[in-house]
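K.L.:
One structure coming up, written as structure tokens, with questions to follow.
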Amino acid sequence: MIFDAVSYDDHEQVAFCRDSASGLRALIAIHRPGPKGRALGGCRMVNYASEEEALDDVLRLSKGMTYKAAVAGLALGGAKGVIIGDPLNDKTPELMRAMARAVEGLGGRYITSVDVGISGADVAEMQKITKYAVGANAGDPSPMTSLGVFVGLKAAAEHEGITDLKGVRVGILGVGKVGYGLAEYLHGEGAELVVSDTNKSAVEKAVAQLGATEAPVETFLSEDMDIFAPCALGGIIDDASLKLMKAKIIAGGANNQLRRDGLADDLKSSGILYAPDYVINAGGLIMVDSEVDLYSLDDVRDRTMKIAGSLAEIFKASDEKGITTLAAAEEMAKRRYSESWATAAA
Ligand code: NAD
């Protein structure tokens, strides 16, 4: 079942975790270990329709974590945990402690953290059992994610010959924690902001505080804009939205922006520069990693600023080799992953 699964990519380990007393049914996938034998990735709690769906999710997401950590230059491999259940109705402290025992049982090979359906408070509950849970103490990672997206967006703009953001129209879909932080940076550079959000008060704040223009969610992508910054949910770029899009650059913080990988080819042939999401939004992961590897906030900022250089390299490789930015990012991830092992061995 696993070795033949579509999303299986030579994953090193997949653990099935069951605790009948608490009702825990969970999967932990370690895609690759880092050079120090550790792999990190949040734990999700989702009411999956089937076990196959949960397995597919944990395999796919853990692989994504390997690439994300490698490009960000972290000494970590990629892993992920998923708990099958409804976070609103099925989550209990006993369940979180049972999950923590499963994590502890892996002896530090898997380090868990927050994700969809799992909060900092849940991680704090897990920390009563295991030291291999982070994200409850480092503080909100969102401001660092916003900073990384900002410097990454500037790198994308520079690649397209835009050296000054003054008067450049940037559309931000989702002005929540990441999107609003990004909007503040862009406002500081004199960019013209077009914003949309299903939460009216979030939009009103951006309009009042940052002089942003409001646009409807439904027709957002057809708005006149130079740069599109997706900062809400994933899957925003699909075949239909691509046809509507006016922006020539996509650089935003949302995870899994492309509904399918093949869209990266369509973006390239349409002349739209795409900043791969897992590269540009790694600031939050770097923040969480600082709790594992114990480095300072200044170091977190320095590492986050390097996202700009990584993206510039990816754009250049994409141009020179005639490959998509997604393919160029994957090449960089694999190279940096090998390099991190070589550095650790030296
Ligand atoms: P958030 O919940 O604070 O903000 C998301 C905003 O999007 C909210 O204001 C919400 O109302 C809005 N929204 C939801 N659905 C929408 C829709 N259909 N159309 C328009 N707006 C919609 O979340 P966040 O932490 O800012 O994360 C935003 C994105 O960035 C997510 O995809 C998340 O996975 C990703 N991300 C976040 C971090 C982080 O550090 N917070 C790190 C990496 C990636």
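Every read-out reported here was derived from the displayed coordinates using simple, explicitly stated rules and does not represent laboratory data. None of these values were measured; they are calculated from a predicted model. FYI the Cβ positions are ideal-geometry reconstructions off the backbone, even for glycines, and counts take in every protein chain you see.
K.L.:
Past the 16 angstrom mark, what percentage of all C-alpha to C-alpha distances in the stretch 67-179 do you count? Write down the numbers at each step before the final one.
P.N.:
On the way: 4408 of 6328 pairs.
Cα-Cα pairs in the stretch 67-179 separated by more than 16 Å: 70 percent.
K.L.:
If packing is taken as the average number of other Cβ atoms within 10 Å across a peptide's residues, how do 312-323, 225-236, 171-182 rank, most packed first?
P.N.:
Order by mean packing, descending: 171-182, 225-236, 312-323.
K.L.:
How big is the antiparallel share of DSSP beta bridges in the stretch 1-88, given as a percent to the nearest 5? Mind showing how you got there, number by number?
P.N.:
Details: 13 of 19 bridges.
Around 70 percent antiparallel, to the nearest 5.
K.L.:
Can you find, among Ile227, Val203, Gly190, the residue farthest towards the positive end of the dipole of the stretch 172-231? Put +1 on the C-beta of Lys and Arg, -1 on that of Asp and Glu.
P.N.:
Val203
K.L.:
Follow-up. If you scale each eigenvalue of the Cα gyration tensor by 5 and take the root, what three semi-axes come out for the stretch 244-346, rounded to whole angstrom and sorted largest first?
P.N.:
Result for the stretch 244-346: semi-axes of 27, 17, 11 Å.
K.L.:
Shifting gears a bit: Report, please, the projected area of the chain averaged over directions, based on the convex hull of its C-alpha atoms, in nm².
P.N.:
17.5 nm²
K.L.:
To the nearest 0.05, how large is the calculated FRET efficiency for Thr163 and Glu331 if R₀ is 22 Å and r is the Cβ-Cβ distance?
P.N.:
Once the sixth-power term is evaluated, E becomes 0.20.
K.L.:
Sticking with this one: Can you tell me the dipole magnitude for the chain around its Cα centre, using point charges on the Cβ only (Lys, Arg +1; Asp, Glu -1), in Debye to the nearest 20? Display every interim value, and only then the final one.
P.N.:
On the way: 36 positive and 49 negative charges, 147 e Å.
In total the dipole reaches around 700 debye.
K.L.:
Under 21 Å between alpha carbons, and skipping anything fewer than 8 positions from Lys246 in its own chain: which lysines qualify?
P.N.:
Those lysines meeting the cut-off are Lys154, Lys166, Lys268.
K.L.:
Something else: Could you tell me what percent of the DSSP beta bridges with both partners in the chain are antiparallel, to the nearest 5?
P.N.:
Bridges in the chain that DSSP calls antiparallel: roughly 35 percent.
K.L.:
Where Rh denotes the Kirkwood radius from the mean inverse Cα pair distance, what is Rg over Rh for the stretch 235-292?
P.N.:
Details: Rg = 13.2 Å, Rh = 12.3 Å.
Radius of gyration over Kirkwood radius for the stretch 235-292 works out to 1.07.
K.L.:
Do you know the relative contact order of the chain, to the nearest whole percent, from alpha carbon pairs under 8 angstrom that are 6+ apart? Spell out each step's value before the answer.
P.N.:
On the way: 727 pairs, mean separation 57.0, N = 346.
Normalised by residue count, the contact order of the chain is 16 percent.
K.L.:
Another question, then. Counting only the backbone N, which residues of the stretch 70-99 are under 17 Å from the spot 7 Å out from the Cα of Lys36 toward its beta-carbon?
P.N.:
Under 17 Å, as judged by backbone N against the label point of Lys36, lie 70-79 of the stretch 70-99.
K.L.:
Cys17: net charge of surrounding residues, Cβ under 9 Å, Lys/Arg +1, Asp/Glu -1, itself excluded?
P.N.:
+2
K.L.:
Would you calculate a helix-derived [θ] at 222 nm for the chain, using -39,500 (n - 2.57) for each DSSP H run of n ≥ 4 and dividing by the full residue count, to the nearest 500?
P.N.:
Only helices count here, giving -14000 deg cm²/dmol.
K.L.:
Taking 0.36 nm per residue of separation and subtracting the Cα-Cα distance, what length does fully extending Ser269 through Asp319 add? Please list the in-between numbers first.
P.N.:
On the way: separation 50, 0.36 × 50 = 18.00 nm, distance 1.19 nm.
Result: 16.8 nm gained on full extension.
K.L.:
Find which of Val114, Ala342, Ser241 sits farthest along the positive direction of the dipole of the chain, computed with +1 on the beta-carbon of Lys and Arg, -1 on that of Asp and Glu, about the Cα centre.
P.N.:
The listed residue farthest towards the positive side: Ala342.
K.L.:
Taking the chain as the reference, fit the longest principal axis to its C-alpha atoms, fit the long axis of helix 177-188 to the helix C-alpha atoms, and give the angle between the two in degrees, 0 to 90, nearest 10.
P.N.:
Once rounded, one gets 30 degrees.
K.L.:
Based on Cβ point charges of +1 for Lys and Arg and -1 for Asp and Glu, what charge dipole magnitude is obtained for the stretch 218-346 about its Cα centre, in debye rounded to the nearest 20?
P.N.:
So the magnitude is around 260 debye.
K.L.:
Something else: Which stretch or stretches of the stretch 223-243 have amide N atoms under 18 Å from the point lying 7 Å from Val116's Cα along the Cα→Cβ direction?
P.N.:
230-238
K.L.:
Which of rounded, prolate, oblate describes the stretch 80-129, given a ≥ b ≥ c as roots of the alpha-carbon gyration tensor eigenvalues and a/c under 1.5 marking rounded, otherwise prolate only if a/b is larger than b/c?
P.N.:
Prolate shape, in that a/c is at least 1.5 and a/b is the bigger ratio.
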